[in-house]
Amino acid sequence: MVRFLVTGARGGLARVLIERLRAPGLSLEPALTGPVEVIALGREDLDIARHEEVERAFVEHRPEVVLNTAGLTQVDLCESYQWEAYLVNRDGAEHLGRACGRSNAALVYFSTDLVFDGSKRAPYTEEDPPNPLSVYGDTKLAGELIVMKSAPRHLILRTGWLYGQPGRHFLKAVQEGVKEGEVLFGYDDHISQPTHVHDFVDALFFLLSRGAGGTYHVANAGEATQFRALRQAADYLPQKNVEVQPVHHQNDGRQAIRPRYSVLACGKLERAGFKMRPWEEALRAYGETARRS
Ligand SMILES: NC(=O)c1ccc[n+]([C@@H]2O[C@H](COP(=O)([O-])OP(=O)(O)OC[C@H]3O[C@@H](n4cnc5c(N)ncnc54)[C@H](OP(=O)(O)O)[C@@H]3O)[C@@H](O)[C@H]2O)c1
């Protein structure tokens with residue numbers, strides 16, 4: 001039996017992870033043997049920013065693998081709520097890291113392409129020095145560093161724009177459609193990678209089954225602006241007549257500054273034996289599933 005603890009269990013990625021972990025026939029062998037038990041705790045059951053709650057959860061549940069999806073994830077909101085963002089994304093990670101370190105549990109931390117500043121203008125590898133431009137990116141980098149320090153058994157996955165999970169996600173606006181006469185705006189001044197959440201989870205499960213540790217970039221191959229990806233999604237998804245127009249981010253203090261380019265090179269993952277498919281292919285497959293349902 002392998003006991004997984006999922007934090008932030010009501011969030012989008014968490015809900016996909018919980019469903020996938022509970023799917024019959026899942027095997028994470030050879031590294032993790034036996035059936036999987038999932039303890040899913042939402043913020044109301046476990047506030048990771050509260051050290052004593054984390055300690056109590058470890059005593060009660062004795063997890064062997066912790067998937068820390070809990071986070072303050074709204075990038076622009078983090079600019080106005082810096083204190084809370086550091087409290088959850090950094091301090092919460094530290095509380096979990098220390099508890100994992102003491103109990104020899106593995107800690108998985110989900111991070112972001114926004115740890116980079118975009119000045120490289122070529123896909124970023126895990127060895128490239130981060131330099132976040134936003135509060136969100138900075139809190140996630142701080143979380144990464146604290147996880148590395150406190151949890152000897154850790155896995156840090158950086159990704160781009162996830163879609164396909166329940167709740168808020170990158171393509172939600174296209175899926176919801178627009179009222180007649182309205183248009184949808186997509187940012188054309190930030191290049192990243194739309195990433196199918198199930199492809200991301202497949203890569204995570206692969207790495208867990210290999211007992212991998214350290215930092216990995218995990219995103220669908222290729223690159224796109226949000227504008228281009230939304231336009232493509234509007235073609236593939238069943239919603240009709242969604243017109244997408246380009247718009248720039250506003251550097252007016254209300255929005256976080258994004259790097260112009262934050263594409264992640266996934267060569268390390270590939271060398272480990274897992275290849276991510278191109279984002280267009282993943283998006284087409286997602287659209288086909290949506291048409292059938
Ligand atoms: N989605 C993406 O494109 C993307 C890309 C890169 C990295 N990530 C990372 O992946 C992880 C999951 O993202 P997501 O898209 O699933 O985000 P999400 O839907 O916003 O889920 C985050 C969850 O964390 C919970 N939470 C907030 N503060 C908490 C606390 N102190 N203790 C416990 N739970 C808390 C939230 O609860 P409330 O709703 O009650 O606040 C929410 O349910 C995050 O760490 C994020 O930074 C996501």
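The values are calculated or read from the model by the stated rules, or taken from the named source; none is laboratory data. Just so you know, these numbers come straight off a predicted model, no measurement behind them. Here the Cβ positions follow ideal geometry from the backbone for every residue, glycine too, while neighbour counts run over all protein chains shown. Remember, those area values only see protein heavy atoms, side chains included, never the ligands or the DNA or RNA. Shrake-Rupley method; radii C 1.70, N 1.55, O 1.52, S 1.80 Å.
Within region 3-52, take every residue that is outside any loop (DSSP other than H, G, I, E, B) and out of contact with any helix residue (DSSP H, G or I) (no Cβ under 8 Å at 6 or more places or on another chain) and give me the one that is farthest from R210 (Cα to Cα).
The extreme case among them is E52.
Hey, any hits in region 192-213 for a residue that's more than 30 Å from N104 (Cα to Cα), open to solvent by 10 Å² or more (accessible area, probe 1.4 Å) and of a type in the set (D, E)?
For region 192-213, residues more than 30 Å from N104 (Cα to Cα), open to solvent by 10 Å² or more (accessible area, probe 1.4 Å) and of a type in the set (D, E): absent.
Could you list, in sequence order, all residues of region 206-228 that are at pLDDT 95 or above and either on the phi > 0 side of the Ramachandran plot or in contact with a Ser or Thr (Cβ under 9 Å, 6 or more places away or on another chain) (or both)?
Within region 206-228, S209, G211, G214, T215, H217, V218, A219, N220, G222, E223, A224, T225 meet the criteria.
Would a scan of region 190-198 turn up a residue that is assigned to a helix (DSSP H, G or I) and closer than 22 Å to L141 by Cβ?
No; the residues of region 190-198 include none that is assigned to a helix (DSSP H, G or I) and closer than 22 Å to L141 by Cβ.
Among the residues of region 40-53, how many are touching a Lys or Arg at 6+ places or on another chain (Cβ under 8 Å) and open to solvent by less than 50 Å² (accessible area, probe 1.4 Å)?
1
Identify, please: which residue in region 127-139 is farther than 19 Å from I191 by Cβ and open to solvent by less than 30 Å² (accessible area, probe 1.4 Å) and is, among those, nearest to the ligand (Cβ to nearest atom)?
Among residues in region 127-139 that are farther than 19 Å from I191 by Cβ and open to solvent by less than 30 Å² (accessible area, probe 1.4 Å), the one nearest to the ligand (Cβ to nearest atom) is T139.
Residues being open to solvent by 20 Å² or more (accessible area, probe 1.4 Å), assigned to a strand (DSSP E or B) and either without any contact (Cβ under 8 Å) to a residue 24 or more places away in the chain or within 10 Å of the ligand (Cβ to nearest atom) (or both): count how many of those fall in region 152-166.
So the answer is 2.
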